[in-house]
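Just so you know, all these numbers are worked out from the coordinates, no wet-lab data involved. Computed from a predicted structure; not experimentally measured. Reconstructed Cβ throughout: ideal geometry from the backbone, glycine too, with neighbour counts over all protein chains shown.
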Protein chains: 2
Amino acid sequence: MALSAARGAAKPRWERQLPAQRRQELIDATIECLKRYGHEGLSMRAIATQAGVSLGLINHHFPNKDELIAAAYRHFNTELVDGLKAAVQKAPAAPRARMRAFFKASFSRPNLDPEALAVWVVFWGMYRHSPLIQGVHRESYQGYVQLLRDMLTELVRDAPRQTPPVDLRLAAIGLTALLDGLWLEWCLEPASFRPAEAIGLCEAWVDHLVRRTDGSALE
Amino acid sequence: MALSAARGAAKPRWERQLPAQRRQELIDATIECLKRYGHEGLSMRAIATQAGVSLGLINHHFPNKDELIAAAYRHFNTELVDGLKAAVQKAPAAPRARMRAFFKASFSRPNLDPEALAVWVVFWGMYRHSPLIQGVHRESYQGYVQLLRDMLTELVRDAPRQTPPVDLRLAAIGLTALLDGLWLEWCLEPASFRPAEAIGLCEAWVDHLVRRTDGSALE
DNA sequence: GCTCTTGTTGTACGATCGTTCAACAACGAA
DNA sequence: TTCGTTGTTGAACGATCGTACAACAAGAGC
């Protein structure tokens, strides 16, 4: 009986988990490794250690390293786009307010984070030579582009008529560039300007877009 | 004599070269490997093969791999900044013409090149965890920032007085972001817009900067 | 023609990489 | 309580990595 009690109280050396949950833990560990150690953090052993599991377990849940990384990239992308969409939907219905919410979310945590840049940069470095990464990019970046395009469309629709009419395609290209560029600059050197200043620059760009009455720009 | 002639005509199996030239060849091979194979091209063996020399030679000219990569990064940075400066100096003296030349050089080869982005991205990925790369960045990026800042300064000085006065610091931040963002977008997806359109967007931004007479932006 | 310097080669070493796989153990079902 | 499923472990493999080093040879100086 004492033996039985001892055995009953004996804590298992490890716990079995559902595949879905374990997979997510491994994905989280992968991203954490990227944040901490950059490209060198992308080793199966480092990821297994970070997740607190053995090396061999990864290959039980993912066929190989590339698939794990692609899954982590997909998760990272989805979290960004979903976060931005949620911020926009929580904002008042006015197009300008929705756009402002988008800017604010873009220049706040967790998106505005030097560690996040470190993760992105490693993924970008794989883009050209990894068909898996390219596929994930295509499927998830679409949502981001569509969101921004929609906001610009309703913004221009509600504004007084412009002369000449705004080129929506070029407007989206320019605003995306300004957003990404500011985001990149801040992550590289957070001391160089405040997030509020970045938002101000973006707002000014949109102001210019909807208020302009001459043909000096965007043609 | 026949033997002597044969020996005399025997081509050396390899040629000795001055350290400076060999170092440059190794640096060029490093960048070429980055363009072709991305981060995976950064192996001593791949670089030696690309340069057409043996593996051991690299460590004769560079103390270790990190120093070689740092040297390649310095060369890559210097070529960019020197190229832009040369383009600006070749332009007419008018501030606006100098700025236009800067835009044109930014959105032309060899700077505007998806392969160049592949190289930059690998270097950026090392930035956070490599003190060597950080040092090189500090010493060479300075020239780029100063060049753009000077051009903006003379541009604003020659323009009619603005109300309120232009915040030169924020203007430089915004223009840099727009430039980098457009450059990045095009390298990721060259089909999405033409380089001339990117130049147009930058010109429009500068137009807005020097012509505006209301306080709606850049505050 | 000989010698000396040194740019260059080729091999070897230890470490670390991704992957495989047999054995183990947790835990629900019978 | 026993059995079967399967999530999990840990060791092992071959490949590749960066580095070190002894031997070689090209080319200048004498």
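Which of A:TYR127, A:TYR141, A:TYR73 has the fewest other C-beta atoms within 10 Å, and how do the rest follow up to the most?
On the way: A:TYR127 18, A:TYR141 15, A:TYR73 27.
Arranged by neighbour count, lowest to highest, A:TYR127, A:TYR141, A:TYR73 become A:TYR141, A:TYR127, A:TYR73.
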Exercise. So what is the orientation-averaged projected area of the stretch A:1-106, using the convex hull of its C-alpha atoms, in nm²?
Worked result: 10.5 nm²
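Shielding by partners for A:181-190, please: the mean number of other protein chain Cβ atoms within 10 Å of each residue's Cβ. It would help to have the intermediate numbers written out before the result.
Values: counts 13, 7, 2, 6, 6, 2, 0, 6, 1, 0.
Per residue, the number of nearby Cβ atoms from other chains is 4 on average.
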For this session: Provide, for q = 0.23, 0.24, 0.29, 0.34 Å⁻¹, the log10 of I(q)/I(0) from a solvent-free Debye sum over equal Cα point scatterers in the stretch B:82-125.
Result: -0.74, -0.77, -0.92, -1.09
Exercise. Can you pull the three principal axis extents for the Cα set of the stretch B:53-150, in Å, largest first?
Worked result: 51, 27, 22
Problem set entry | Per-peptide average of other Cβ atoms within 10 Å, ordering B:186-193, A:28-35 highest first | A:28-35, B:186-193
For this session: With everything on Cα atoms, drop me the angle between helix A:95-106 and the longest principal axis of chain A, reported from 0 to 90° to the nearest 10.
Result: 40 degrees
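Please average, across the residues of A:200-206, the number of beta carbons from any other chain that are within 10 Å of each residue's own beta carbon, and give a whole number. Write out the running numbers ahead of the final one.
Details: counts 6, 9, 2, 2, 8, 6, 1.
Mean inter-chain Cβ contacts per residue within 10 Å come to 5.
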For this session: Specify the angular offset, from 0 to 90 degrees and rounded to the nearest 10, of the alpha carbon long axis of helix B:131-158 from the longest principal axis of the alpha carbons in chain B.
Result: 30 degrees
Problem set entry | Stokes-Einstein D for the stretch B:13-73, Kirkwood Rh over Cα pairs, 4 °C, 1.567 mPa s (µm²/s) | 114 µm²/s
Problem set entry | For the stretch A:111-167 and the stretch B:127-180, distance of Cα centres in Å | 25 Å
Seminar exercise, completed: note: the stretch B:98-181, Cα-Cα separations exceeding 23 Å make up a percent value of 35 percent
For this session: For the stretch B:106-146, compute Rh as the Kirkwood radius over C-alpha pairs and then the Stokes-Einstein diffusion coefficient at 37 °C and 0.692 mPa s; write the answer in µm²/s, rounded to an integer.
Result: 290 µm²/s
Problem set entry | Computed P(r) (all Cα pairs; the protein assembly as shown; 20 Å bins; percent) | 21, 49, 22, 6, 1, 0
For this session: Give the angle, between 0 and 90 degrees and rounded to the nearest 10, that separates the Cα long axis of helix B:19-37 from the longest principal axis of the Cα atoms of chain B.
Result: 70 degrees
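May I ask you to sort A:TRP14, A:TRP183 by Cβ crowding, counting other Cβ atoms within 10 Å and putting the fewest first? It would help to have the intermediate numbers written out before the result.
Values: A:TRP14 10, A:TRP183 22.
Taking fewest neighbouring Cβ atoms as first place, the list is A:TRP14, A:TRP183.
Return B:ARG149, A:ARG45 ranked ascending by Cβ neighbour count within 10 Å, so the fewest neighbours appear first. Intermediate results must be reported in sequence, preceding the final value.
Working: B:ARG149 15, A:ARG45 10.
So the residues, fewest neighbours to most, are A:ARG45, B:ARG149.
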Problem set entry | Cα point-scatterer Debye curve for chain B, base-10 log of I(q)/I(0) at q = 0.08, 0.11, 0.17 Å⁻¹ | -0.40, -0.67, -1.19
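Determine, for the protein assembly as shown, the count of lysine pairs separated by eight or more sequence positions (or lying on different chains) whose alpha-carbon distance falls under 19 Å. Intermediate values should be presented prior to the final figure.
Values: A:LYS35/A:LYS65; A:LYS85/A:LYS104; A:LYS90/A:LYS104; B:LYS35/B:LYS65; B:LYS85/B:LYS104; B:LYS90/B:LYS104.
Going through the protein assembly as shown pair by pair, I get 6.
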